[in-house]
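Before any comments, here is the structure.
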Amino acid sequence: MSRFKRDYLHLSPPDIGDTEAAGIIRALRSGWVAPLGPEVDAFEREIAAFTGRAHAVALASGTAALHLAYKHAGVTAGSEVVVPTLTFGATAFPVEYLGAHPIFTDVDPESWTIDLELLADLLERRATSGRMPAAIVAVDLFGVPCNYSQLLPLAAEYGIPVIADAAEALGADCEARPAGSFGESAVLSFNGNKIITTSGGGMYLTDDADAAAKVRYWATQSREPQPWYEHVETGYNYRLSNLLAAVGRAQLERLPSFVVRRREIRALYTVLLSTLPAVTVMADPNWGESNAWLTTIQIDPEVHPNGPTRVRLALEEANIESRPIWKPMHQQPLFQGAKHELTGVADRAFRDGLCLPSGTKMTDEDVERVVEVLIRALA
Ligand SMILES: *Cc1c(COP(=O)(O)O)cnc(C)c1O
């Protein structure tokens with residue numbers, strides 16, 4: 001039985017067609033079923049070319065890629081990592097895997113990416129008293145790239161590596177450079193609801209050949225070049241399967257059309273919702289163009305108290321999925337007691353925001369139907 005219900009409009013379901021089916025059959029028939037193989041190599045080359053990176057390492061998930069990226073950046077037990085508080089938990093979990101501690105930092109109201117003034121202030125304070133964080137994680141939230149032309153020089157001033165969590169942002173641009181091209185390393189996700197999917201998978205991106213080799217080595221059980229299994233370091237079983245890489249290659253071919261469609265969907269929501277002054281569709285910041293992975297809205301609580309919940313329940317009633325904005329990490333029971341630097345923006349985004357269905361297979365009529373239900377729910 002399909003997990004995807006008929007006549008139910010999902011938030012961001014996979015868009016899979018004949019090219020993906022042909023890819024997976026090609027991979028199966030080639031005999032390269034054992035984990036690695038030519039599809040993985042080709043997928044890495046194609047993603048590296050697309051993001052303008054020298055090296056790409058295909059991994060089992062975005063979370064695995066973040067884990068090894070943090071590890072390579074020098075995050076160890078007891079160190080601290082700056083993590084934006086408004087993100088998916090997977091950005092923060094690998095900090096815990098390494099025994100390190102997050103410093104949850106608020107986001108800027110325009111883009112919901114890390115607040116650079118707050119970050120500058122934190123780094124300045126730490127430089128005069130206390131320890132510097134081991135790494136800064138920049139999250140391109142909902143596909144909106146961070147302001148890298150300001151973030152990267154700020155981090156460089158203090159010699160702190162930046163890891164870009166671009167899991168949601170493949171296909172986005174920041175000042176005409178692709179998401180995934182920024183930072184000492186960047187991470188992509190090919191989970192089921194991302195803009196392209198391998199059903200599950202991720203990618204580590206870097207321009208540093210040694211870093212790529214090290215991540216590849218860790219991810220392949222830290223196997224030493226010996227005929228027997230020789231181990232000097234702890235290994236991880238984190239590589240992407242050759243079969244899934246074939247799906248990824250077919251999806252990557254279609255990515256440009258996916259980005260066009262997601263942006264069209266967001267533009268249509270923006271036009272249709274412009275009649276409601278208390279509802280705003282998140283737009284692109286002036287430094288970049290998002291891939292419009294998910295269209296997100298904010299509802300003015302003064303005009304529509306409890307608006308996002310009312311809309312979400314009305315949509316559910318109409319067989320339409322929507323989802324609250326990521327619950328900030330500093331509000332999560334898991335991270336009670338973690339350090340944080342807050343302005344209230346993430347809390348307000350969680351309280352007032354909602355993610356609307358944004359899948360590439362949606363028709364314009366689907367978008368109109370979502371907006372009709374939304375308007376009725378707020379009336
Ligand atoms: C999806 C996602 C991840 C994790 O990727 P997986 O492939 O699901 O492990 C990490 N960070 C962000 C911001 C994400 O949206």
*Per-region count, the range 29-53, residues more than 17 Å from Gly201 (Cβ to Cβ) and assigned to a helix (DSSP H, G or I)*: 2
*Specify the residue that is farthest from Pro13 (Cα to Cα); the eligible residues are those in the range 188-219 that are among the hydroxyl-bearing types (Ser, Thr, Tyr) and touching a residue at least 24 places away in the same chain (Cβ under 8 Å).*
Thr206
*Which one of these is touching a Gly at 6+ places or on another chain (Cβ under 9 Å), under 30 Å from Tyr204 (Cα atoms), surrounded by fewer than 18 Cβ atoms within 10 Å (Cβ to Cβ) and not β-branched (Val, Ile, Thr): Pro301, Pro256?*
Pro256
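Which residue, of Thr275, Thr280, Thr309, is surrounded by fewer than 21 Cβ atoms within 10 Å (Cβ to Cβ) and part of a loop (DSSP other than H, G, I, E, B)?
Unique residue meeting the criteria: Thr275.
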*Does Ala213 meet the test of being within 16 Å of the ligand (Cβ to nearest atom) and either over 27 Å from Cys355 (Cβ atoms) or out of contact with any helix residue (DSSP H, G or I) (no Cβ under 6 Å at 6 or more places or on another chain) (or both)?*
no
*Identify all residues within the range 175-196 that are within 8 Å of the ligand (Cβ to nearest atom) and over 26 Å from Leu356 (Cα atoms); write none if there are none.*
none
*Identify the residue in the range 159-174 that is near the ligand (Cβ under 8 Å from one of its atoms) and assigned to a loop (DSSP other than H, G, I, E, B) and, among all such residues, is surrounded by the most Cβ atoms within 10 Å (Cβ to Cβ).*
Ala167
*Which residue pairs have Cβ atoms closer than 8 Å, lie 6 or more positions apart in sequence or on different chains, and pair a first residue in the range 138-151 that is more than 18 Å from Pro102 (Cα to Cα) and modelled with pLDDT under 95 with a second residue that is among the charged types (D, E, K, R) and more than 16 Å from the ligand (Cβ to nearest atom)?*
none
_Lone qualifier among Ala314, Ala246 - being over 25 Å from Leu342 (Cβ atoms), of a type in the set (Gly, Ala, Ser) and surrounded by 18 or more Cβ atoms within 10 Å (Cβ to Cβ)_ = Ala246
*Do we have Ala49 as without any contact (Cβ under 8 Å) to a residue 12 or more places away in the chain and more than 19 Å from the chain's Cα centre (by Cα) here?*
yes
*If you scan the range 351-379, which residues turn out to be at pLDDT 95 or above and among the small types (Gly, Ala, Ser)?*
Gly353, Ser358, Gly359, Ala377
*Looking at (1) modelled with pLDDT of 95 or more; (2) more than 22 Å from Phe190 (Cβ to Cβ); (3) surrounded by fewer than 19 Cβ atoms within 10 Å (Cβ to Cβ), can you tell me which one Tyr269 breaks?*
(3)
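The values are calculated or read from the model by the stated rules, or taken from the named source; none is laboratory data. From a predicted model like this one, the values you see are computed outputs, not experimental measurements. A quick note on method: Cβ atoms are made from the backbone with ideal geometry, for glycine too, and the neighbour counts reach across all protein chains shown.
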